[in-house]
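The structure appears below as structure tokens.
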Amino acid sequence: MTMVEEPATTAPAREVGQSRKRKEDARLITGKTTWTDNMVLPGMLHLAVVRSPVAHAKIANVDVSAAQQAPGVIAVFTGRDFAEEQGSIPCAWPVTPDMVNPGHPSIAVEEVNHVGEAVAVIAARSKAAAMDAVELVDVDYDQLPVVLDMEAAVAEEADLCHDHVESNESFAFVFDAGEAGTGVDTEQVFADAEVVVSRRFVQQRLIPAFMEPRAVVVQPQGDNYTMWSSTQVPHILRLMLAMVTGTPEHKLRVIAPDVGGGFGGKLQVTPEEVISLLVAKRLGKPVKWAETRSESLMSAHHGRDQIQYIDIAADREGNVKGLRCRILSDMGAYLRLVSPGIPILGAFMYVGIYKFPAYRFECRGVFTNKTPTDAYRGAGRPEATFAIERIMDELAVELDMDPLELRRKNWIGAEEFPFTTAAGLEYDSGDYEGATQQALQLLGYDELREEQRRRRESNDPVQLGIGFSTFTEMCGLAPSRVLGSLSYGAGGWEHASIRMLPTGKVEVVTGSSAHGQGHETAWSQLVADELGVPFEDVEVLHGDTSISPRGLDTYGSRSLVVGGAAVVNAAAKVVAKARKVAAHLLEASEDDLEFANGSFAVRGTPGATKSIQEIALATFAAHDFPEGVEPSIDADATFDPVNFSFPHGTHVCAMEVDTETGRVEIRKYACVDDVGTIVNPLIVEGQVHGGLAQGIAQALYEEAVYDADGNLTTGTFVDYLVPSAADLPHFETGHTVHPAPGNPIGAKGIGEAGCIASTPAVVNAALDAVRHLGVSDIRMPLTPERVWRAIHQGGDGGDRATAGTNAYGGAQTETTAGVATDASALGGDR
Amino acid sequence: MTQINVRVDGVSYSDDVEPRTLLVHHLREQLGKVGTVVGCDTSNCGACTVHLDGVAVKSCTVLAVQADGSEVTTIEGLAQNGTLHPMQKAFHDSHGLQCGFCTPGMIMASIDLLTENPSPSETEIREGIEGNLCRCTGYQNIVRAVQQAAAEMSGTQDRTVGNGHVSLAVVDTAAAPHVAGAQS
Ligand code: FES
Ligand code: FES
């Protein structure tokens, strides 16, 4: 008798590189998905959170009596009720030893520090009853001054965002290449420079706006608690919940079922997750919390929000000499999981692909009475890429050079890899010229430049511009030792195990936690190749701390590069174990065995073969097994990368600007990305498109705006402009392939590239269209209003927010060549 | 409470609903039709799109009582006898989804679009699904999917409908033989 079925398909020569259609689609296109909010448990109570309508106040009194009397309401809890057990939302990344963390209660106890902060929670029989009761909670607030503008917040005598800390500064982080030994003295370089260009760039506040609103379900079973959450990080969440609430880690199980997008926005340990666990514990009943979109936009963490003061030094021939970056990074009201680390993830990327002899980076983390910021697709690297790619264009203008020529003169040559930059990172592989040539062809560069010339000469009201972004990023977070040196609270490895089932089917357990990236498909391809089993015979399990006990989850373009590498290594161990069994069964020496297409064959003995799937059955039976070998060919692997990987690419945008209306429209967008080995071109392509959409949206559409009282005025999808299909162009995409040497797959990571690269290309294109009209900067997003103002009134288009609120009010951008003075200490006013 | 009779995905239901209950909440909470999802509270995202008597509606903007006596088709009722609707198949073929949260609404809206305009241009597709937001895909593969479904549903196999682009990216594998399968 054999329990091994005929293979469902014959595996193609190699799965890696095939555009396999996704396994996960079957449930998603038929409505059979398990979103957290779909879950219903017997006796389940529904939670609704009462949120602060004011940005900064002492809580004088909370009266919950009316809410408690409301029909269907089981209980109402305030911050006081949980003060002893709620701890603080954790911040895992103290970027400096003296970083100030004001503490972050899940439900406010003494004071509220941003609009939308939780002040009470209702538990009721139905969601409607819970939401109705929210209105009945009466909170008295003694209002305090509101701190919103970062530049004002770090000035002398500023009002305080938290009155129990000394200033609004959380940390001041410095990287100096001269001190680190990776470059020469920056100050000296600037003092000696022939040309210095200085700019102030604003990275507006963005909202990740994943399409599935967050939801949490907690089920108590005795002293065990199972939490389902729409999270990117079930493993981190479990650990942190244990540490924050004192619930023993082994009594907690966290499940991320189908998760509808994250983009960094679900890389968090949220107040609502802590609250749900505490209420379930207190009441001994299953509970569910599911947010509305308005709640999500207001209280889930935001992203970006930096002011960047960038100085670049060069000689007259266009050789860059030094780069100096001073960053104000808005933390919002509290430090969340990795809030302080976001700008630090960018700290080493400001030099981009260029050979700067000198580099200095300073970043101050600033508290304001706004929603906390944290990871959003790219996390620090889009900000860095924007700054360097924008300032390179400004330098080109200053030098009267072609922007591409300036880049070419300074970028790392294909023959120079591996190359250690002034920021101390060792870039692994690539060919910037090759990607650029291909991108220019895809765009039809020469014709568009010609058209630009024609439009300019004829004074066409619609002008054309072309903008570049020749970028790299660091992916595959992260070598644990590097994270340790940056004081991050965890490692950067990933875990996988492979279980060979008796019927020859394969279960792959991964510590990555997909939420749209297609791991089930891509991991199946990897394993099909390594084990020589059919793609269909592989099942990928993830996102449940009981099924996948070890993992560090999905963010930072790490899943394939780190998690996939663990899968490949585990498969290699399975083959090594199976080899021993095969040798025994085939009565041959291990050295005489060849493994190919899923079978061991004895060299020189035709017909003597055993498939790995047959060996799985023989291992299950264990009747005839080699002496002293345990009857299992299952294997685990943990992969800790030795270096980051460095995808790169050239993005080119052609932009039409209507000088009469200020309307901008992307005429054509072409990009060529090098993401190393491509496992599934279909999935990679999708990641590029999605990243581009978000990067372009930062340039053109999205901005979280606060009014002077600290209210989010873009609190619904009516005002926060997530682009629709009609707002985005068709993308012309291509790839070059230089495998990453740092992992067995050769992959570099693709989750964030499009988002990191595209924003400066778009802004550079718009500026290229109107620079001859005297415009040298336009603030993002490039709304028609701003573009029109920049063209017709000068300046950078100005603030969309109420004056003086959104931290973008201060200095103007301007350029003057010259030498650094004290006056330029926090801004390029030369 | 008001009693309503609604036929959903071929099954008749008779239920008492509160006057304020939205159709989407009735579908999800009373009928267990959780394939249809809620993505916003301002009728912007389209995640909740279903067909009400054959026409696409955002079920978060329809009261359950307004659906009394009507026929509703959700994403769960689209496949017939285990065979996917051409639009479902096209989304799968073209990788028109990533996280899949927008997908039920996107598919329902796209079918409605083709009912009105069986061979839309790329621009018409983009404008036709403007009321449905997707945060993952950048829409390009959704457009491709709708083009494929349009071709299939109108019986032509010409996938370059309108001003469409259907090809995948150019992959230059010259520097990487392993991508093409030459690596051992
Ligand atoms: S949930 Fe109906 S449009 Fe967003
Ligand atoms: S696939 Fe995720 S929102 Fe569309």
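If I ask for residues that are crowded, with 19+ Cβ neighbours inside 10 Å and within 14 Å of chain B (Cβ to nearest Cβ), which ones from region A:40-50 would you list?
Result: A:His46, A:Ala48.
Output the number of residues of region B:19-48 satisfying the condition of being surrounded by fewer than 15 Cβ atoms within 10 Å (Cβ to Cβ) and either away from every other protein chain (no Cβ under 12 Å) or farther than 26 Å from A:Ile29 by Cβ (or both).
2
From A:Glu415, A:Glu451, grab the single residue that is surrounded by fewer than 20 Cβ atoms within 10 Å (Cβ to Cβ), of a type outside the set (Ser, Thr, Tyr) and free of Cβ contacts under 8 Å to residues at least 12 places away in the same chain.
A:Glu415
Within region B:19-26, is even one residue of a type outside the set (S, T, N, Q), within 26 Å of A:Gly262 (Cβ to Cβ), near ligand 1 (Cβ under 9 Å from one of its atoms) and at pLDDT 95 or above?
Checking region B:19-26: at least one residue is of a type outside the set (S, T, N, Q), within 26 Å of A:Gly262 (Cβ to Cβ), near ligand 1 (Cβ under 9 Å from one of its atoms) and at pLDDT 95 or above.
Identify all residues within region A:136-159 that are without any contact (Cβ under 8 Å) to a residue 40 or more places away in the chain and either closer than 22 Å to A:Ala347 by Cα or surrounded by fewer than 17 Cβ atoms within 10 Å (Cβ to Cβ) (or both); write none if there are none.
Just the residues of region A:136-159 that are without any contact (Cβ under 8 Å) to a residue 40 or more places away in the chain, to begin with: A:155-159.
A:Ala155, A:Glu156, A:Glu157, A:Asp159 - these are the residues of region A:136-159 that are without any contact (Cβ under 8 Å) to a residue 40 or more places away in the chain and either closer than 22 Å to A:Ala347 by Cα or surrounded by fewer than 17 Cβ atoms within 10 Å (Cβ to Cβ) (or both).
Condition test on A:Glu405, is it more than 16 Å from A:Thr650 (Cα to Cα) and not in a loop (DSSP other than H, G, I, E, B)?
Considered against the rule, which asks whether it is more than 16 Å from A:Thr650 (Cα to Cα) and not in a loop (DSSP other than H, G, I, E, B), A:Glu405 comes out as no.
Of all residues in region B:110-143 being surrounded by fewer than 24 Cβ atoms within 10 Å (Cβ to Cβ), more than 9 Å from chain A (Cβ to nearest Cβ) and small (Gly, Ala, Ser), which is nearest to ligand 1 (Cβ to nearest atom)?
Applying the filter and picking the extreme gives B:Ser121.
Hey, does region A:595-612 have a residue that's in a helix (DSSP H, G or I) and in contact (Cβ under 8 Å) with a residue 60 or more places away in the chain?
yes
Taking the criterion of being more than 14 Å from chain B (Cβ to nearest Cβ), more than 16 Å from ligand 1 (Cβ to nearest atom), surrounded by 24 or more Cβ atoms within 10 Å (Cβ to Cβ) and touching a residue at least 40 places away in the same chain (Cβ under 8 Å), would at least one residue in region A:214-224 satisfy it?
Yes, the conditions are met somewhere in region A:214-224.
Please determine whether any residue of region A:353-367 is away from ligand 2 (no atom under 16 Å from the Cβ), hydrophobic (A, V, I, L, M, F, W, C) and within 24 Å of A:Thr245 (Cα to Cα).
For region A:353-367, residues away from ligand 2 (no atom under 16 Å from the Cβ), hydrophobic (A, V, I, L, M, F, W, C) and within 24 Å of A:Thr245 (Cα to Cα): absent.
Restricting attention to region B:45-97, which residues are away from ligand 1 (no atom under 16 Å from the Cβ) and among the aliphatic types (A, V, I, L, M)?
Matches in region B:45-97: B:Val65, B:Leu78, B:Ala79, B:Leu84, B:Met87, B:Ala90, B:Leu97.
Please go through region A:718-735 and pick out each residue that is in contact with a strand residue (DSSP E or B) (Cβ under 6 Å, 6 or more places away or on another chain), over 12 Å from A:Ala693 (Cα atoms) and within 7 Å of chain B (Cβ to nearest Cβ).
Of everything in region A:718-735, those that are in contact with a strand residue (DSSP E or B) (Cβ under 6 Å, 6 or more places away or on another chain), over 12 Å from A:Ala693 (Cα atoms) and within 7 Å of chain B (Cβ to nearest Cβ) turn out to be A:Thr733, A:Gly734, A:His735.
For region B:80-99, name all the residues that are outside any helix (DSSP H, G or I), touching a residue at least 24 places away in the same chain (Cβ under 8 Å) and either under 11 Å from the mean Cα position of the chain (by Cα) or more than 16 Å from ligand 2 (Cβ to nearest atom) (or both). Walk me through how you get there before you give the answer.
At the first step, the residues of region B:80-99 found to be outside any helix (DSSP H, G or I) are B:80-85, B:94-99.
From what is left, the residues that are touching a residue at least 24 places away in the same chain (Cβ under 8 Å) are B:85, B:94-99.
Hits for region B:80-99 are B:His85, B:Gly96, B:Leu97.
Condition test on B:Cys102, is it within 16 Å of ligand 2 (Cβ to nearest atom) and either under 12 Å from the mean Cα position of the chain (by Cα) or of a type in the set (Phe, Trp, Tyr) (or both)? Walk me through it before giving the result.
Values: within 16 Å of ligand 2 (Cβ to nearest atom): yes; either under 12 Å from the mean Cα position of the chain (by Cα) or of a type in the set (Phe, Trp, Tyr) (or both): yes.
When the stated conditions are applied, B:Cys102 passes them.
The values are calculated or read from the model by the stated rules, or taken from the named source; none is laboratory data. Being a predicted model, the structure only gives us computed values, none of them experimental. Backbone-built Cβ (ideal geometry, glycine too); neighbour counts: all protein chains shown.
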